[in-house]
Amino acid sequence: MKVTIVGAGNVGATCADAIAYRRIASEIVLLDIREGFAEGKALDIMQTQTTLGFNTKMVGSTNDYSKTAGSDVVVITSGIPRKPGMTREELIGINAGIVKGVAENLLAHSPNAIVVVVSNPMDTMTYLTLKATGLPKNRIIGMGGTLDSSRFKTYLSLALDKPANDIQGMVIGGHGDTTMIPLTRLASYNGVPVSQFLSEEELAKVSADTMVGGATLTALLGTSAWYAPGASVAFLVDAILNDQKKMIPCSVYLEGEYGQNDICIGVPCIIGKNGVEKIVDISLNEDEKAKFAKSAEAVRGMNADLKTILG
Ligand SMILES: NC(=O)C1=CN([C@@H]2O[C@H](COP(=O)(O)OP(=O)(O)OC[C@H]3O[C@@H](n4cnc5c(N)ncnc54)[C@H](O)[C@@H]3O)[C@@H](O)[C@H]2O)C=CC1
Ligand SMILES: O=C([O-])CC(=O)C(=O)O
């Protein structure tokens with residue numbers, strides 16, 4: 001199975017490394033516009049093969065899309081990341097043009113690929129990719145909920161002082177500092193609701209920390225995160241290529257689900273070899289419904305800006 005990752009920067013190279021090391025794909029192409037950069041990253045990862053014990057074929061490419069031909073999954077990480085004090089939404093002006101061009105080039109060479117969109121603002125970039133390529137909605141997946149949920153579970157594990165892998169939980173809604181919705185009501189510690197162990201105040205803090213999880217890392221690092229984002233992309237690509245039918249919150253095109261239409265936003269999905277195999281329409285309580293509607297309104301506002309930016 002062949003995976004192409006466009007953007008060999010922090011997130012692109014980290015997810016290439018994770019996909020290679022975990023033997024999720026047999027071939028990985030890294031593509032970037034920076035001369036020689038993707039080739040360098042591919043060569044560096046290739047040189048971990050004998051010490052880490054994998055045989056994935058690694059290819060680097062400076063903007064030559066012919067090398068990406070026949071990919072089963074393509075991942076778009078190209079574009080600028082935010083700096084401390086910025087929101088993801090502020091990246092739209094530069095990233096929209098980059099993502100549109102990249103998506104069109106990718107599909108010209110891999111017409112059957114499933115597309116994973118990572119570049120921010122991710123929900124709007126996912127919507128743009130869907131509209132620009134005209135691909136069926138099951139083949140366009142925005143990655144944000146995997147990462148936000150892993151941060152949610154991490155903060156819950158810290159609050160509970162229990163192993164993160166004993167925690168279940170999901171974040172839905174937009175992938176933004178104010179739009180994501182950690183579902184604290186449904187989170188559990190080995191099946192026991194976390195509300196049995198944590199106070200309302202503690203849960204509110206976990207929720208708030210999760211929502212600004214990306215901003216916290218950006219302030220600490222000077223640019224946005226890459227280890228957890230890269231691992232989250234690898235997790236999603238694994239679910240697709242190995243037809244795992246995992247339930248993963250992803251930004252996908254809604255046609256009536258959760259009361260929304262003509263928008264890409266995070267909801268629980270069954271992910272397998274066809275991409276989005278099913279959208280799971282779980283029943284939300286009134287508070288969660290109101291938060292989801294507000295989140296969708298914000299994402300829809302960003303989508304409207306695309307017309308001005310791209311003409
Ligand atoms: N959805 C999510 O959960 C996450 C999204 N992100 C987003 O992912 C994007 C990438 O972040 P980083 O890897 O940290 O940035 P980075 O700056 O390290 O890497 C971006 C790469 O894209 C390349 N690039 C720019 N235009 C291109 C084009 N037209 N074709 C090919 N390559 C191109 C650049 O040369 C650069 O190497 C950002 O927009 C960031 O906000 C980052 C983390 C998580
Ligand atoms: O925070 C950012 O800008 C990058 C991102 O989406 C994340 O790490 O969640």
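Read-outs: derived from the displayed coordinates by stated rules, not from any lab. Every value quoted in this text rests on a predicted model; they were computed, and no experiment measured them. Note: ideal-geometry Cβ built from the backbone for every residue, glycine included; neighbour counts use all protein chains shown.
In the structure displayed, which of 100/307; 41/246; 100/137; 83/307; 137/273 lie more than 20 Å apart, Cα to Cα?
Over 20 Å Cα-Cα: 41/246; 83/307.
Using alpha carbons only, how many degrees (0 to 90, rounded to 10) separate the axis of helix 227-241 from the longest principal axis of the chain?
So the inclination is approximately 80 degrees.
By per-residue mean of other Cβ atoms within 10 Å, what is the highest-first order of 177-183, 105-111, 52-58?
Packing proxy ranking, top to bottom: 177-183, 105-111, 52-58.
Quote the charge dipole size of segment 144-306 about the Cα centre in Debye, to the nearest 20; the model charges only the Cβ of Lys and Arg (+1) and of Asp and Glu (-1). Walk me through the numbers before you get to the answer.
On the way: 13 positive and 20 negative charges, 63 e Å.
Its charge dipole is roughly 300 debye.
Among the lysines, which fall within straight-line cross-link reach of residue 291, defined as a Cα-Cα distance under 19 Å, with same-chain neighbours fewer than 8 residues apart omitted?
Within the straight-line cut-off, residue 291 pairs with 205.
For the chain, give the share of DSSP beta bridges that are antiparallel, in percent and rounded to the nearest 5; count only bridges with both residues there. Display every interim value, and only then the final one.
Details: 23 of 45 bridges.
Approximately 50 percent, going by the DSSP bridge assignments.
How long is the gain from residue 52 to residue 227 if the chain were fully straight, where each residue apart is worth 0.36 nm and the alpha carbon distance is subtracted?
So the extension gain works out to 61.2 nm.
What is the spread of the Cα atoms of segment 8-138 along each of their three principal axes, largest first, in whole Å?
42, 37, 26
Please work out how much length the chain gains when fully extended from residue 33 to residue 87, using 0.36 nm per residue of separation minus the C-alpha to C-alpha distance, in nm with one decimal.
Residue separation times 0.36 nm, minus the Cα-Cα distance, leaves 17.0 nm.
Using the Kirkwood radius over C-alpha pairs as Rh, can you work out the diffusion coefficient of segment 144-306 via Stokes-Einstein at 20 °C, viscosity 1.002 mPa s, in µm² per second?
Diffusion coefficient, whole number: 132 µm²/s.
Take the Cα atoms of the chain, build their convex hull, and give its volume per residue in Å³.
Per residue, the Cα convex hull of the chain comes to 127 Å³.
Along Cα→Cβ, 7 Å out, is where each label goes; now give me the distance between the ones at residue 1 and residue 310 in nm to one decimal.
Going from the residue 1 label point to the residue 310 one covers 2.8 nm.
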